[in-house]
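Shown below is the structure under consideration.
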Amino acid sequence: MQRALRLLQKLPFQHIKVVRFFLSGGTAVTLNFVLLWTLTDLLHIWYLFSLVITILIGSVVNFTMQKFWTFENHSLERVHIQLPQFMALVLFNLVLNSAFLYALVEYGHLWYLAGQVICVGVLAGMNYFIYHRYIFIRSAPL
């Protein structure tokens with residue numbers, strides 16, 4: 001573990017952000033998958049309703065980790081702008097994710113969790129770009 005931390009510290013800042021993005025996102029995604037499975041398989045809630053609930057819960061974890069850890073954006077000055085932007089992206093992702101997941105499950109006959117893995121993979125790159133360029137920018141004017 002110490003070796004991995006030393007290697008991480010030697011990376012240029014841009015590379016560290018990418019690693020942190022995947023670790024933060026991975027934490028939120030893990031939470032989402034556990035909640036999705038629990039709600040769907042244990043509580044017998046339809047997988048798309050479960051998806052909505054899990055994405056909304058996971059976005060709280062994701063926003064906090066991405067803002068403060070991945071992009072090291074500790075200022076609260078712009079949070080009134082960043083949070084609505086982030087939530088707009090969450091809602092956009094929710095619509096895309098739901099549509100893709102529905103198509104993969106109902107027409108592609110995939111298991112809902114396998115379909116969700118594909119959806120998360122497709123949306124992750126787009127999200128990093130938007131977080132980096134638009135939401136968690138360091139010196140944007142108010």
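The numbers here are math on the coordinates, done by the rules we state, and not lab data. All values reported here derive from a predicted model rather than from experimental measurement. Counting neighbours? That spans all protein chains shown, and the Cβs are built from the backbone with ideal geometry, glycine included.
Between Val19 and Glu106, what is the label-to-label distance in nm when each label sits 7 Å out along the Cα-to-Cβ direction?
In this crude label model, Val19 to Glu106 measures out at 4.3 nm.
Another question, if that's okay. Assuming 0.36 nm per residue, please report the length gained on full extension of the stretch Leu96 to Glu72 beyond their Cα-Cα distance. Mind dumping the intermediate values first?
Working: separation 24, 0.36 × 24 = 8.64 nm, distance 2.80 nm.
Taking 0.36 nm per residue and subtracting the Cα distance, the gain is 5.8 nm.
Same structure, new question: Using only DSSP helix segments of four residues or longer, with each worth -39500 (n - 2.57), what per-residue ellipticity at 222 nm results for the chain after dividing by its residue count and rounding to 500?
Values: 5 runs with 96 residues, N = 142.
Estimated from H runs of four or more residues: -23000 deg cm²/dmol.
Below 8 Å between Cα atoms, with a sequence gap of 6+, how large is the relative contact order for the range 38-102 in percent? Walk me through the numbers before you get to the answer.
Values: 21 pairs, mean separation 22.7, N = 65.
Computed value for the range 38-102: 35 percent relative contact order.
Roughly what angle does helix 13-37 make with the longest principal axis of the chain, taking Cα atoms, 0 to 90 degrees, to the nearest 10?
Taking Cα atoms only, the helix is inclined about 30 degrees.
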